[in-house]
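The values are calculated or read from the model by the stated rules, or taken from the named source; none is laboratory data. Everything quoted here is computed from the prediction, not taken from an experiment. Neighbour counts run over all protein chains shown; Cβ positions are idealised from the backbone, glycine included. All accessible areas refer to the heavy atoms of the entire protein, side chains included, with ligands and DNA or RNA removed. Shrake-Rupley method; radii C 1.70, N 1.55, O 1.52, S 1.80 Å.
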Amino acid sequence: MPPKPRTPAPSQSGRFNAVDADVVFQSSDNVLFSIHRKNLETHTGAFPPAEFKADEQEVVTLQESSETLDLLFQFIYPQRHPSLSDSTFEVLAPLAEAAEKYEAYSAMNICHIRMLKFLEANQHAEHIMSYAAKHGYKEVVDVAAPLVISMSIGSVIQILPPHLHLSWVTVFASKFNLHMVLYREQWKDNLHSALMKLGANNTHKCGSGNCEILSKLMYSLNLRALTLPMKDLVKEAYKGYNCGYCNANKFDKWAKEIDEMRKTSYDDVLFAIHKKNHEMNTGAFPPAEFEGDEEPVHLTESSETLELLFQFIYSQRHPSLSDTSFEVLAALAEAAEKYEVFAAMNICHLRMLLFLEQEQYAERIMEYAAKHDYYEVCDSAAPLIISMSIERAAEILPPHLFLPWMLYRQQWQNRLQDITAGLAITTYQSCHASCMANYNLVKSLTLKTFDNPQETVLENFNGCGQCTAEKYFLWAEWVVSMKDLPVEPFRSFIV
């Protein structure tokens, strides 16, 4: 009987090999990852999973490949997280599922946003629809649904969780009527902190030393946090509890105070944060201005910004920021960079890309992206602001990016010269020999032409009586076609 082939000895991850790590994971392809348990505790919500079985050497075998785990574990350390901008779908899909399985919140957020990139190319729509519906990513479901609308009802039932079957049937019947697919965000940790502070302050003790109304109220509100107006929640929780000393108006006072605490930085709102969370989830907390005493530390950010920011340092599903306004996002993005809240940094720079569809924000987004080295965002913002003056560029760009900007801008200057040269030699037989329309148009062209080529041509079209509307359209189409020719991306000029 031939001997059984020997299992090759496990190899050690080149990235995760710290000698002081206290837990070792083994991938499905036999690679060991040495991880610090404290990072698992502060960055994930489901480590260890149910199938964890540690042997005598404390090696825990996981079902995921080394490629997936190498990416996943990068999200649980205080460092700049992978942006996944160049990841293939074959890499992203298993990472996204692993992130959900182990509740690696930072990875969960970035993965579901990156799924949208593949939907833009109409790729893997069924797979992405199944993933997004399974894990409650409404934003992704809304984009994927029109791409899979032709699927049979039987196929849909196979990929969607049961609670969405009825919604899909309604959508299927009315094509793109997606409003019935509803999701609710999970409860927010800031309310929990506010209620704990309320109890700790002991400000609502009634005349009876044994009154339990406050503790029962806090428990009840934690379970229903933020799904109803605070006054209604307090009133509901207060029902049936009376110690004889409490009066009927007490719940109104509680409701007002709790409401202030949850919406209540530079605007004098206190945030009670666990030290281990900011130590394990950020790279610059405490900031330089921290004095280290027991008094509150005053930050320059607003309560609105900090309330969002601190949600990224707890083991909970992080805000997706899908409905966040630009002003809120911009303030959060800068705070995330300042305090190196890596999970927030990653999602913020991706959300900035979406605001480039509104060109009025392009210059501010370019300034943010250049300052923090998000060259993917720079590449998308740069074509939208090529008419920006050199003086303004010097103001918003860091010194090491000014020369690359000038080289990038020169491409467009060369393109403009090609356009003017082409227009200058163009002749139109239907026009009078002394017509100045062509000359006037050439003279009017600047880099700002690229902001709206058709509008520029129309504004500067001053022909003779024999000029026809056809000439305008020919010129406008040609200028637009020249604009759309490819150029080297901004980052290609960065040394």
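What is the one condition in (1) in contact with a helix residue (DSSP H, G or I) (Cβ under 9 Å, 6 or more places away or on another chain); (2) within 21 Å of Arg15 (Cα to Cα) that Met115 does not satisfy?
(2)
Across the range 337-350, which residue is least open to solvent (accessible area, probe 1.4 Å) among those that are out of contact with any strand residue (DSSP E or B) (no Cβ under 9 Å at 6 or more places or on another chain) and farther than 21 Å from Leu71 by Cα?
My answer is Glu337.
Looking at (1) within 19 Å of Arg351 (Cβ to Cβ); (2) open to solvent by less than 10 Å² (accessible area, probe 1.4 Å); (3) in contact with a Ser or Thr (Cβ under 6 Å, 6 or more places away or on another chain), which is the one condition that is false for Ala98?
(1)
So for the range 72-81 (the condition being assigned to a loop (DSSP other than H, G, I, E, B) and buried (at least 22 other Cβ atoms within 10 Å of the Cβ)), does at least one residue qualify?
yes
Let me spell it out: the conditions are (1) surrounded by fewer than 19 Cβ atoms within 10 Å (Cβ to Cβ); (2) modelled with pLDDT of 90 or more; (3) of a type outside the set (S, T, N, Q), and Ala362 meets all of them except one. Which number is the exception?
Tallying (1) surrounded by fewer than 19 Cβ atoms within 10 Å (Cβ to Cβ); (2) modelled with pLDDT of 90 or more; (3) of a type outside the set (S, T, N, Q), Ala362 fails exactly one: (1).
On the basis of being buried (at least 19 other Cβ atoms within 10 Å of the Cβ), among the β-branched types (Val, Ile, Thr), modelled with pLDDT under 90 and in a loop (DSSP other than H, G, I, E, B), does Ile313 make the cut?
Criteria met by Ile313.
For residues that are assigned to a helix (DSSP H, G or I) and either of a type in the set (Phe, Trp, Tyr) or within 21 Å of Phe75 (Cβ to Cβ) (or both), scanning just the range 330-342, find the one that is modelled with the lowest pLDDT.
Looking at residues that are assigned to a helix (DSSP H, G or I) and either of a type in the set (Phe, Trp, Tyr) or within 21 Å of Phe75 (Cβ to Cβ) (or both), I get Tyr339.
For Ala144, are the conditions met, namely being farther than 29 Å from Phe312 by Cα and modelled with pLDDT of 85 or more?
no
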